[in-house]
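The next block holds one structure in the form of structure tokens; read it before the comments.
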Amino acid sequence: MIYSDFQGLKLSRLGFGCMRFALDPATGEIDQKKVNQMFDLAIAGGVNYFDTAYPYLGGKSEIAMTKALSRYPRDSYYIADKFPGHSLNGPIDNIALFNLSLQKCNTDYFDFYLLHNISEWSIKVYESEEYHIIPDIVKMKEEGKIRHFGFSFHGGPDLLEDFLNRYEGMFEFVQIQCNYLDWTLQDAKRKYDIITKHGLGVWVMEPCRGGKLAVLKEEQSAKLKQFSTEASDASYAFRFLQDLPNIKVILSGMNEVFQVEDNLKTFKEHKPLSKEETDTLFEIAESMKSGVPCTACRYCCDGCPMGLNIPYLLSCYNDYKYSPSAISGMRLDGLDENKLPSACIQCGQCTHACPQSIDVPNALAELAEMYANGPRWAVTKNQRAKEIEEALQKTAE
């Protein structure tokens, strides 16, 4: 196993993400036997970092993870959990929810604890004086119930820079979506550089983009087979990240034994990518995109009568074009109505100013339609908020 050093801790660079446990087809419940089997295999292979969150799998991920880990000494592994501020509809007893997670994980402390999903929308909740989330969680760290404090991030680079500047010295690590596709599609490179500049560790989620980079199209996979007929598509995604020195932990949401076996093989030793392999990965990434070639030069912004942040909106457009999701919508949810793509008046000044000749008004009109008709975070949030409120009420009885 490849390990990284983080403040004197020896962390396995392969972390076990506990969001995608397989369900037993007979009962619809988490297949605990399979979870135990995968954990046994992972731990035998050197994995010592396990990541969960209160909302995962309807609140059952923490319990299943704990059942599997409880068969091992507590000091032989690290647990990471998260506070679901992005899933709240109103202020709650934050400390009671934190303690409920401690109880479900059968532990007195979390090795790593994160604010879950900081974004342009959720930042308003996390920084709200009424919700009082950050002060309450900082108090838990001061009491020794959190060993290392960080946050997971789904927003743009500008928000990341601003957030870290305002909370300099509070956080120790940041978890971002990073892979060879999002290196450019979601500007993960800039996020990686920002976090590194601030002296914090980088944690990675979605290294295979929800499995899309683990099972490539036949013609894409064939390009990698020229280098090795034995290596899996997923192994190249992980090796790309292994080459980035400030990435401390790479989370993989494994739900099958063969995935654990393949990942352990990839993380047995660091095998740097050749220039040809890296170039091929970026070539594959470009073939997967269907958006516009915005370089964020911002020439379009100077003459926009509506004052729209056009590069930001085009970044959202490119993400939607690849794979519409509630997370994509969340980036737009955080904007004022007069800054949404629907505020574009189709004057065309931006297109005339664009060095790439992008038809910006058409792209913004399409984005407005995708946003209006696509998946929205509010649906998931309302369900999760209800579950949290019911759990806290039950705990208080």
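We did not get these values from a lab; they are worked out from the coordinates using the rules stated. It should be emphasised that the depicted structure is a prediction, and the values quoted were computed from it without experimental measurement. Heads up, the Cβs are rebuilt from the backbone with ideal geometry, glycines too, and the neighbour counts pull from every protein chain shown.
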Ranked Y126, Y180, criterion: other C-beta atoms within 10 Å, fewest first: Y126, Y180
At what distance in angstrom do the alpha carbon centres of segment 219-296 and segment 344-386 lie from each other? 30 Å
Projected label distance in nm at R166 and E389, using a 7 Å step from Cα toward the beta-carbon: 2.7 nm
Cysteines without a disulfide-compatible neighbour (Cβ-Cβ under 4.7 Å), the chain: C18, C105, C178, C208, C294, C297, C301, C304, C316, C344, C347, C354
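For segment 258-321, please report how many Lys pairs fall under 28 Å Cα to Cα, leaving out neighbours fewer than 8 apart on the same chain. Can you show the working numbers first?
Values: K265/K275; K271/K289; K275/K289; K289/K321.
Value for segment 258-321: 4.
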Nearest 0.05, what FRET efficiency do K60 and M306 give at R0 = 51 Å with Cβ-Cβ as r? 0.65
For segment 3-282, what is the Kirkwood estimate of the hydrodynamic radius, computed as the reciprocal of the mean inverse distance between distinct Cα atoms, to one decimal in Å? 19.4 Å
What's the lysine pair count for segment 80-192 at a Cα cut-off below 25 Å, pairs eight or more apart or interchain? 13
One can check that the equivalent ellipsoid of segment 299-378, built from the alpha-carbon gyration tensor with semi-axes equal to the square roots of five times its eigenvalues, has lengths in Å, largest first, of 21, 13, 10
Compare E269, E261, E219 in a GNM of the chain, Cα atoms joined below 10 Å, and give the one with the largest fluctuation. E219
How long is the gain from H352 to D279 if the chain were fully straight, where each residue apart is worth 0.36 nm and the alpha carbon distance is subtracted? 23.0 nm
Model label zone, E230; criterion: amide N under 16 Å from point 7 Å along Cα-to-beta-carbon; scope segment 259-277: 261-272
Förster radius 45 Å - calculated FRET efficiency between H270 and V138, Cβ distance, rounded to 0.05: 0.80
Which loop trypsin sites (Lys or Arg not before Pro) in segment 214-307, with loop taken from DSSP, have no more than 16 other Cβ atoms within 10 angstrom of their Cβ? K217, K268, K289, R298
